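Please treat every number below as a calculation from the coordinates, not as lab data. Values in this document were obtained by computation on a predicted structure and should not be read as measured data. In this analysis, Cβ positions are derived from the backbone assuming ideal geometry, glycine residues included, and neighbour counts consider all displayed protein chains.
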Amino acid sequence: MSQKYMSFIFDDGPNALVYEMVDKISAYGWKAGFAIIGKKINDETQNQLRYAIDHGFQIVSHGWNHVNLCELNSKQEIVDEMLSPIVEVKRRLNYDIKMARLPFIAYNDLVMQTMAELKLPLLGHGINTDNEWSSETTPERIINAVLNSISDGAVACMHLLNNTSKALDVILPELKKQGYTLVTAEELFRIKNIENIPLGININNINQIL
Ligand SMILES: [Zn+2]
């Protein structure tokens with residue numbers, strides 16, 4: 001069985017579920033990432049980010065206010081929205097955020113051009129999670145959708161939510177059985193020997209850019 005890799009990035013934190021998810025994933029010796037909303041960073045949630053970073057997890061910018069960047073009026077507002085979390089995490093934790101996930105994965109030409117100028121690779125949504133962010137869903141639905149759509153090189157968009165954390169209890173052992181390893185997005189690019197990460201596109205699966 002050949003070794004396969006994926007990267008799960010959990011959005012909309014930080015929140016207290018960071019501890020639980022880091023522990024569940026670390027138990028396999030694996031890593032993942034968190035796409036964080038800048039305005040949620042405070043003295044308490046900073047400790048959650050510290051815990052993630054200390055366990056080798058990756059932090060990604062998900063905007064300061066989690067607004068649809070297409071609805072902003074100027075390029076400067078787009079820049080501020082995506083860079084402010086990076087500045088805040090550097091100031092509080094001395095950690096360098098190097099990638100981003102667009103809020104709602106919403107974009108237009110100006111958003112993509114601006115992200116390329118900022119040299120921020122964009123992590124997309126390469127696994128079907130059956131609207132795992134919705135309050136209507138269940139862990140069972142998430143489990144079925146994820147396990148039916150996993151593939152080597154995929155970057156998953158998931159969320160720091162209870163249902164998602166519960167779903168991991170089934171998803172993680174199944175991934176291990178199928179020969180997968182979860183890594184950070186940075187590690188995924190390294191493993192696949194991608195030195196120049198393409199900019200201005202959402203990367204859903206690393207194999208799309210090889
Ligand atoms: Zn989000």
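Things worth noting here:
- For residue 123, the residues whose amide H sits under 5 Å from its own are 100, 101, 102, 203, ignoring neighbours fewer than 5 places away on the same chain, with H placed 1.01 Å from N.
- Segment 4-209: antiparallel DSSP beta bridges as a percent of all, rounded to 5: 5
- Segment 127-204: GluC sites (Glu not before Pro) in DSSP loop, at most 15 other beta carbons within 10 Å: 136, 195
- Spatial separation of Cα centroids for segment 113-163 and segment 32-53, in angstrom: 19
- Rg(Cα) / (2.2 N^0.38 Å) computed for segment 4-209, rounded to two decimals: 0.95
- Backbone geometry of segment 108-113 corresponds, through the Karplus equation with coefficients 6.51, -1.76 and 1.60 at θ = phi - 60°, to 3J(HN,Hα) couplings of 9, 4, 5, 4, 5, 5 Hz, x marking Gly and Pro.
- Simple Cβ-charge dipole of segment 4-209, Lys/Arg +1 and Asp/Glu -1, about Cα centre, in debye nearest 20: 500
- Restriction of the trypsin sites (Lys or Arg not before Pro) in segment 124-210 to DSSP coil positions whose beta-carbon has at most 16 other beta-carbons within 10 angstrom yields 192.
- From its DSSP helices (H runs of at least four residues, each -39,500 (n - 2.57)), the chain gives a residue-normalised ellipticity at 222 nm of -12000 deg cm²/dmol.
- Karplus-derived 3J(HN,Hα) values for segment 67-76, using 6.51 cos²θ - 1.76 cosθ + 1.60 with θ = phi - 60°, are 9, 5, 5, 5, 8, 7, 8, 8, 4, 4 Hz; glycine and proline are entered as x.
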